[in-house]
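**Student:** Structure provided below as structure tokens; questions to follow.
The values are calculated or read from the model by the stated rules, or taken from the named source; none is laboratory data. Because the structure is predicted, anything quoted here is derived from the model rather than measured. A quick note on method: Cβ atoms are made from the backbone with ideal geometry, for glycine too, and the neighbour counts reach across all protein chains shown. Just so you know, the surface numbers come from the protein's heavy atoms only, side chains and all, with ligands and any DNA or RNA stripped out. Shrake-Rupley method; radii C 1.70, N 1.55, O 1.52, S 1.80 Å.
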Amino acid sequence: MTELAIRAVDVTRRYGERVALNGFSLEVPRGSVFGLLGPNGSGKSTFIAMLAAMQPADSGTIEVFGQAPARTLLRRIATVFQENTADPLMSVSEYLRFSGRLFGVPAADLRVRGFELLEKFGLGPRANDPVSGLSGGMRRRLEVVRALLHRPEMLLLDEPTTGIDAEERSILWRELLDGAGGTTVLLATNDLGEADAVCDNVAFIQNGRVVVSGTPAALKAGLRRESVRIGLTDNTAETVARIAAIPGTGELAQDDDTVIVTTDDASTFVPRLFEAAPGAIRSVTIATASLEDAYFQHVRRRGEGGAP
Amino acid sequence: MNAAMTLARRDLMAVVRSRSQLYSSMLTPLLFLVFLGNGVSHGLQPANLEAGNFTAYLVAGTVVMTSVFSSTFSSASYYRDRDSGLLRLLLSTPHAPRTLLLGKSLAALVIGIVQALVVLLAAAPFVDSEWQYGFAAGMGIALAAVVLVNLMLTGLAQALASRIQSMQGFHLLMNLALFPLLFFSGAFFPIDGLPTWLRVLAFINPLTYAVDALELAAYAAGDDGFIGLGIDFVVLGALAVAVYAAGLARMPKVTWSGE
């Protein structure tokens, strides 16, 4: 039986009238990289805050390493928030010393490990620079270094790569996954490509509950082979209905003037598309089915749900 | 306790690195003492004060005023920490909010005490203070009063900061609450000659007891007309413990996306 790092059963959390989590259930195997995917406001950050004992659940059960979330568990957990937490008045190394002490890292270990991690994440030469002088990408890397400093058994990453470019993102993930061997990683993101690349398992969340979960491969397996993204000049319901009626059309999702259709053979579908909706097509892009398509199938089926 | 000390060290470092805040918080009370003290002493020649020396009289009040401003500015660091994201990190550590609050308040306490003592020591050579119990004992009494008043004001500022979402609102409320308390504490004018209703207000004002203890330590030549050190320290001690405990009771709130 797989050992679980996180187990949530029927968790509910309200902020006044708004329901952030609504019957949220999830199991995260120990040592896995698990992606929580959903649109903004779907409850990802709230769930992470609960795991870090920073928010209580109104009802339901949450277990982290078999226990209810508690401050005492936080020595074994590190959280990277959407926002930077580094104090701009400190230097990079001061910030790491400060954070390390709060997590009980011995002084000698702090120096050695801090230096190693800074080098690994390309921040070694900036160790004595003020945090305020770092670029956005460097600050995000510093957040990850800070999180890894006390050798956590679980990393809670809340959109850790928001606002950084592709190269920075690639460096960050390469080093993070290399340095976090055996650590359970829970990644909350709305970047489906990122989750597809790094996660062993993912769960799609919508309106505060898990819609579906599994490995990216399993979620994509049920899809048709190809995905056709159609830019429309005429996005009326009639046009979309005509596209849906084309033989060979699998799942169809609409987001304003874009329609995504899955199909087994785009080469026969596309000519039929131009016949079915003449003058209504602005652009057509064909791609192999991705996690984004799986997301569209499960979460945004036929225009439901918000932007991922 | 290590976590509290780590946090206190960091807050002290932040103040030392904010040079403008550091210098202005030290210089403002000294300038106040020099200009207002000399201005009133020579311009109005207050008859109720010994030899008309308002500067010497003003030292105790200025020390208390320094503590008021210091506690306000120090507690405003919650808002800076919240806005910079640091408060979120603090809440994700294994330490209880009370430990974190203790660390931050220790820093505020040290800053307030140092600033108050700088005013007291800087003014000592230039004003005709009596030090009726001797300089060493007088400084000991003054230090005790400064510690207690800073403990009380830090607790008050902390309690308010945890309940008020905006820094502007916090400053407004602190000014609204503390300026009247300063005025009717004997900090700027003796309370003896005030109308009865103002004297009643002065006696229920905790700052009155801090000013009284400081006046007795440094300025007064005798105990006549003063409340007395015994009562001063009983009132200040009780309030300092109660208000500081209230200040440690609640952590400022961090909001979550979607909340």
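**Student:** Shielding by partners for B:78-89, please: the mean number of other protein chain Cβ atoms within 10 Å of each residue's Cβ. Provide the component values of the computation, followed by the final result.
**Tutor:** Values: counts 0, 0, 3, 2, 0, 1, 9, 10, 11, 1, 9, 15.
Going residue by residue through B:78-89 and averaging, the value is 5.
**Student:** Determine the per residue accessible area of segment B:52-171 with all protein chains present and a 1.4 angstrom probe, expressed in square angstrom.
**Tutor:** Spelled out: the 1.4 Å probe surface of segment B:52-171, per residue, equals 31 Å².
**Student:** Please report how far the C-alpha centroid of segment B:1-68 lies from that of segment A:55-113, rounded to the nearest whole angstrom.
**Tutor:** For segment B:1-68 versus segment A:55-113, the Cα centre distance is 39 Å.
**Student:** How many Å² of accessible area per residue for segment A:1-67, probe 1.4 Å?
**Tutor:** The answer is 40 Å² per residue.
**Student:** Okay, next question. Would you mind telling me the share, in percent, of accessible area of segment B:106-259 contributed by carbon and sulfur at probe 1.4 angstrom?
**Tutor:** That share works out to 73 percent.
**Student:** If you take the square roots of the eigenvalues of the alpha-carbon gyration tensor of segment A:135-198 and sort them as a ≥ b ≥ c, do you get rounded (a/c under 1.5), prolate (a/b over b/c) or oblate?
**Tutor:** The shape class here is oblate.
**Student:** Please say if the protein assembly as shown is rounded, prolate or oblate, where rounded means a/c under 1.5 for a ≥ b ≥ c the square roots of the C-alpha gyration tensor eigenvalues, and otherwise the choice is prolate for a/b larger than b/c and oblate otherwise?
**Tutor:** Values: a/c = 3.02, a/b = 2.58, b/c = 1.17.
In terms of gyration-tensor shape, prolate.
**Student:** Using amide H atoms built 1.01 Å from N in the peptide plane, name the residues 5+ places from A:I205, or on other chains, whose amide H lies under 5 Å from its own.
**Tutor:** So A:I205 has HN proximity to A:L37, A:G38, A:V211.
**Student:** Now a separate question. Starting from the amide H of B:A124, placed 1.01 Å from N in the peptide plane, find each other amide H under 5 Å away whose residue is 5 or more places distant or on another chain.
**Tutor:** none
**Student:** Roughly speaking, to the nearest percent, how much of segment A:224-288's 1.4 Å accessible area is carbon and sulfur?
**Tutor:** After summing per-atom areas, the C and S share lands at 49 percent.
**Student:** Taking θ as phi - 60°, what are the ³J(HN,Hα) couplings along segment A:2-13 by the Karplus curve (6.51, -1.76, 1.60), each to the nearest whole Hz, with x for Gly and Pro?
**Tutor:** 5, 6, 9, 8, 9, 9, 10, 10, 6, 7, 10, 9
**Student:** Go through segment B:1-18 and flag every residue whose accessible area shrinks by 50 Å² or more with all protein chains in place compared to the isolated chain (probe 1.4 Å).
**Tutor:** B:T6, B:R10, B:R17
**Student:** Through the Karplus equation 6.51 cos²θ - 1.76 cosθ + 1.60, θ set to phi - 60°, convert the phi angles of segment A:161-168 into ³J(HN,Hα) values in whole Hz; use x for Gly and Pro.
**Tutor:** 10, 4, x, 10, 6, 4, 5, 4
**Student:** Explain nothing, just the number: relative contact order of chain B, from Cα pairs under 8 Å at least 6 residues apart, as a whole percent.
**Tutor:** The normalised contact order for chain B reaches 26 percent.
**Student:** Can you run phi through the Karplus equation (6.51, -1.76, 1.60; θ = phi - 60°) for segment B:222-230 and list ³J(HN,Hα) in whole Hz, with x for Gly and Pro?
**Tutor:** Rounded to whole hertz, the list is x, 8, 4, x, 10, 6, x, 5, x.
**Student:** Is the C-alpha gyration tensor of chain A telling us rounded, prolate or oblate? Criteria: a/c under 1.5 is rounded; beyond that, a/b larger than b/c is prolate, otherwise oblate.
**Tutor:** Prolate, because a/c is 1.5 or more and a/b exceeds b/c.
**Student:** Please give the FRET efficiency for B:R250 paired with B:L44, using the beta carbon to beta carbon distance and R0 = 60 Å, rounded to the nearest 0.05.
**Tutor:** It comes out at approximately 0.85.
**Student:** Need the C-alpha centroid separation for segment A:161-222 versus segment B:144-208, integer Å.
**Tutor:** A separation of 53 Å, based on Cα centres.
**Student:** Once every DSSP H run of n ≥ 4 in the protein assembly as shown is given -39500 (n - 2.57) and the sum is divided by its residues, what mean residue ellipticity at 222 nm do you get, rounded to the nearest 500 deg cm²/dmol?
**Tutor:** So the calculated ellipticity at 222 nm is -16000 deg cm²/dmol.
**Student:** Then there's this: By the scheme Lys and Arg +1, Asp and Glu -1, what is the net charge of all other residues having a beta-carbon under 11 Å from that of A:F34?
**Tutor:** -1
**Student:** For A:S32, which sequence-distant residues (separation of 5 or more, or a different chain) have an amide H within less than 5 Å of its own amide H, given hydrogens modelled in the peptide plane?
**Tutor:** Placed amide hydrogens put A:V185 under 5 Å from A:S32.
**Student:** Name the residues of segment A:8-22, by number, that are at least 10 Å² less accessible with every protein chain in place than in the isolated chain; the surface is that of heavy atoms, probe 1.4 Å, without ligands or nucleic acids.
**Tutor:** By number: A:Y15, A:R18.
**Student:** Estimate for me the total accessible surface buried between chains B and A (protein heavy atoms, probe 1.4 Å, no ligands or nucleic acids), in Å² to the nearest 100.
**Tutor:** Accessible area lost upon association: around 2600 Å².
**Student:** Normalised by the number of residues in chain A, what is the relative contact order in percent for Cα pairs under 8 Å and 6+ residues apart?
**Tutor:** Answer for chain A is 20 percent.
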